[in-house]
Amino acid sequence: DAKTTQPTSMDCAEGRAANLPCNHSTISGNEYVYWYRQIHSQGPQYIIHGLKNNETNEMASLIITEDRKSSTLILPHATLRDTAVYYCIVSAGGNTDKLIFGTGTRLQVFP
Amino acid sequence: DAGVIQSPRHEVTEMGQEVTLRCKPISGHNSLFWYRQTMMRGLELLIYFNNNVPIDDSGMPEDRFSAKMPNASFSTLKIQPSEPRDSAVYFCASRGDAQWGKLFFGSGTQLSVL
């Protein structure tokens, strides 16, 4: 699986958009980009995933560059409850595929 | 949907004792994962199953660790004998065929080996 690089930590003001970058320059053509988050002491929670096109759901938006070497997770209006560690993962998918978590980005949302 | 259920929520034991962690995946899910999380090593994949068959156990630290999935609704992770360095939060996760990138995690078991 391709490796990802994320900033160690980021801050964001409550109500503003949080933009979390992820670099995956060695991603293969069949690999998806997944985002999870882990709120303190809880299990990780799936947020969103994509292959080539930008994706949006009720939690966030995912922007993938045209060359697919990087992506950005956008939380449009961050709240204090969005304070968490955010993980970017690339994986080829499939029933027998595994997801390997890196160190992630610790997002702190402040009032 | 009750989600992935793990038990116990907390476990405190003494070095050398056997520890058994339990997991009930979401009904209908056919893949199950065991992860371990520590401050030093982050979230590590230990083993995962597909249709009750172990697919990859390369993350299991050593022979003291073993995992089983006797049926689609139950899995155990056993540590025998336990050591202080096994202290961690152990998470179980499951997923279905239709959403192979979307794992559902349990609340974890906080294990402390004294």
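Coordinate-derived values only; no laboratory data. From a predicted model like this one, the values you see are computed outputs, not experimental measurements. Here the Cβ is made from the backbone with ideal geometry for all residues, glycine too, and neighbour counts use every protein chain on show.
Considered as an equivalent ellipsoid built on the Cα gyration tensor, the stretch A:43-111 has semi-axes of 22, 16, 11 Å, the largest given first. Peptide B:17-26 shows a mean partner chain C-beta count of 0 within 10 Å per residue C-beta.
Remark: C-alpha extents of the stretch A:10-50 on the principal axes read 36, 23, 14 Å, sorted largest to smallest. Separation of the alpha carbons by more than 29 angstrom is noted, of A:LYS69/A:LYS98; A:LYS98/B:LYS78; A:LYS3/B:LYS102; A:LYS52/B:LYS24; A:LYS3/A:LYS52; A:LYS69/B:LYS24, for A:LYS52/B:LYS24; A:LYS69/B:LYS24.
The Cα atoms of the protein assembly as shown define a convex hull whose projected area, averaged across directions, is 12.3 nm². Rounded to whole numbers, the Karplus 3J(HN,Hα) couplings from phi for the stretch B:3-8 are x, 7, 10, 10, 8, x Hz, using 6.51 cos²θ - 1.76 cosθ + 1.60 with θ = phi - 60°, and x at Gly and Pro.
Here the Karplus curve 6.51 cos²θ - 1.76 cosθ + 1.60, taken at θ = phi - 60°, turns the phi angles of the stretch B:11-23 into couplings of 9, 10, 9, 9, 3, x, 7, 7, 10, 10, 9, 10, 8 Hz, with x standing for Gly and Pro. Treating each Cα of chain B as an identical point scatterer and summing with the Debye formula, the log10 of I(q)/I(0) at q = 0.21 Å⁻¹ comes to -1.14. The largest-to-smallest principal axis extents of the Cα set in the stretch B:65-114 are 42, 21, 13 Å. With θ taken as phi - 60° and the Karplus curve 6.51 cos²θ - 1.76 cosθ + 1.60 applied, the whole-hertz 3J(HN,Hα) list for the stretch A:52-66 is 10, 7, 5, 10, 9, 9, 5, 9, 6, 10, 10, 10, 10, 5, 4 Hz, x standing for glycine and proline.
When peptides B:22-32, A:8-18 are sorted by average Cβ neighbour count within 10 Å, with the highest value leading, the order is B:22-32, A:8-18. Note on the stretch B:1-65: the alpha carbon radius of gyration divided by the globular reference 2.2 N^0.38 Å gives 1.23. Packing order of peptides A:52-63, B:35-46, B:84-95, highest average first: B:84-95, B:35-46, A:52-63 (average count of other Cβ atoms within 10 Å over each peptide's residues).
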